[in-house]
Amino acid sequence: MKLRELAHSRTGDKGNTLNVSVICYDERDYAHLLREVTPERVKAHLRDVVRGEVTRYELPLIGAMNFVMKDALGGGVTRSLAMDAHGKSVSSALMDLEVPGVDEV
């Protein structure tokens, strides 16, 4: 299943750094998504966009994770030739990540 079936996302950017949150629809899925949506998987999934380090911050009280991605916006909003230099489409791309359903694990 796609990550978007279990979570939604918000983004933010500053310079050439992008942060993408993954927010569970149901907090009971949080532990499952922690296992499946790792910094390594996020970087591999977004390898065409994210060139630098990916760090995950866990927010268990709200069932969310925040991924901070360095060197991810082609130089930054004012320097990039990318169609979406703000990275909003990156969160949509991340939501396409395939994850097993909770009952499939």
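Values quoted throughout were computed directly from the atomic coordinates according to the rules given, and no laboratory measurement underlies them. Since the model is a prediction, treat every value here as computed from it, not as a measurement. No Cβ is skipped: glycine too gets one built from the backbone with ideal geometry, and neighbour counts run over all protein chains shown.
Each 5 Å bin from zero holds the following percent of Cα-Cα pairs in the stretch 1-60: 4, 16, 29, 28, 16, 7, 1.
Listing V20, V50 from fewest to most neighbouring C-beta atoms within 10 Å gives V50, V20.
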